[in-house]
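Here, each number is a calculation from the coordinates, and none is a lab measurement. On a predicted model such as this, the values are computed, not experimentally measured, just so you know. Glycine gets a Cβ as well: all are built from the backbone with ideal geometry, and neighbour counts include every protein chain shown.
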Amino acid sequence: MSVCCFKDLESDRLSKSKLLLITDLYPNKFNPVNGVFVQQQAIELSRFYQVQVVAACDKNPYLIYRAIADGFPVKVICYPYWRKFFASLVTNRLLALPAIKRYKRFQPDIIHIHDYRHIRIILAEAIEQASCP
């Protein structure tokens with residue numbers, strides 16, 4: 001009986017639309033309370049969508065780590081972007097965007113961006129790479 005329930009959960013997960021959440025506010029190993037409200041939003045959205053999260057983290061040196069948190073994949077990209085705004089325009093393109101572009105295979109139906117610093121660059125690149133309407 002438990003196998004049947006597992007199959008039902010798996011088919012439910014696969015039938016959900018895919019949502020990619022791109023944010024600069026999300027808990028990470030350097031700051032576990034950063035953006036907990038965005039994490040809660042992702043948890044609630046995961047009830048209706050197949051969610052994956054890409055989160056930027058203002059730390060030096062450059063680091064990418066992945067985790068399965070709250071039942072969905074989270075990729076945290078750490079790079080220095082806050083201290084020098086104009087330098088962040090370069091580091092964002094060189095370090096963060098290539099990691100976001102790898103989500104083309106995920107083929108999200110919806111891209112939800114919760115990032116006030118890099119919204120123009122991220123939105124333009126993400127839509128171009130993911131071929132979203």
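In a shell of Cβ-Cβ distance under 13 Å around residue 45, excluding residue 45 itself, what net charge do Lys and Arg (+1) and Asp and Glu (-1) give? Walk me through the numbers on the way to the answer.
Working: positive: 16, 18, 47; negative: 44, 70, 109.
Residues close to residue 45 contribute a combined charge of 0.
Let's test the formula: R0 of 22 Å, r as the Cβ-Cβ distance of residue 43 and residue 66. What FRET efficiency results, to the nearest 0.05?
Working: r = 18 Å, r/R0 = 0.81.
Using R0 = 22 Å, I get an efficiency of 0.80.
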Per-residue HN-Hα couplings for the range 69-78 [Karplus 6.51, -1.76, 1.60; θ = phi - 60°; Hz; x = Gly/Pro]: 10, 6, x, 9, x, 10, 10, 10, 10, 9
Out of residues 5 or more away from residue 34 or on other chains, whose amide H comes under 5 Å of its own, with H placed 1.01 Å from N in the peptide plane? 28
Taking the Cβ-Cβ separation of residue 31 and residue 104 as r and a Förster radius of 25 Å, what is the calculated FRET efficiency to the nearest 0.05? 0.30
Local electrostatic count, residue 35, Cβ distance below 11 Å [Lys/Arg +1, Asp/Glu -1]: -2
Skipping prolines and chain starts, which residues have an amide H placed within reach, meaning under 5 Å, of the one on residue 64, given they are 5 or more residues away or on another chain? 78
For residue 114, what residues show an amide H to amide H distance below 5 Å, using hydrogens built from the backbone and excluding near sequence neighbours? 22, 23, 24
